[in-house]
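Participant: Below you will find the structure I want to go over with you.
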Amino acid sequence: MEIYTGRFYPMDIVGRTIVLHEMPDDFKTQPSGDSGMKIACGEIKAWEQECKNKNGNE
């Protein structure tokens with residue numbers, strides 16, 4: 001899946017984590033924004049670096 005935005009550049013978020021919730025944040029309720037259950041999470045990695053690491057080329 002690809003998502004494009006003008007708010008940040010890809011290298012600005014490499015190494016950061018992401019948590020996806022089932023609903024949008026209401027920007028009022030704390031701490032979860034009444035966004036429902038967590039459905040996924042992970043670390044954002046650079047694709048090229050992942051390929052090099054898996055092939056044993058560092």
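The values are calculated or read from the model by the stated rules, or taken from the named source; none is laboratory data. Please read all numbers here as calculations on a predicted model, not as lab measurements. Every residue, glycine among them, receives a Cβ derived from its backbone with ideal geometry; neighbour counts consider all protein chains shown.
Participant: Select from the range 36-58 the residues that are part of a loop (DSSP other than H, G, I, E, B), modelled with pLDDT under 90 and under 16 Å from the mean Cα position of the chain (by Cα) and list them in ascending order.
Facilitator: Listed by number, the residues that qualify are K45, A46.
Participant: Go through the range 23-48 residue by residue and tally those that are touching a residue at least 12 places away in the same chain (Cβ under 8 Å), closer than 17 Å to I13 by Cα and not hydrophobic (A, V, I, L, M, F, W, C).
Facilitator: Number of matching residues: 3.
Participant: Then there's this: Identify the residue in the range 5-32 that is within 11 Å of the chain's Cα centre (by Cα) and not β-branched (V, I, T) and, among all such residues, is modelled with the lowest pLDDT. If you could, list the steps in order and put the result at the bottom.
Facilitator: Within the range 5-32, the subset within 11 Å of the chain's Cα centre (by Cα) is 10, 13-20.
Next cut, not β-branched (V, I, T) only: 10, 15-16, 20.
Values: P10: 80, G15: 93, R16: 94, L20: 90.
By that ranking, first place goes to P10.
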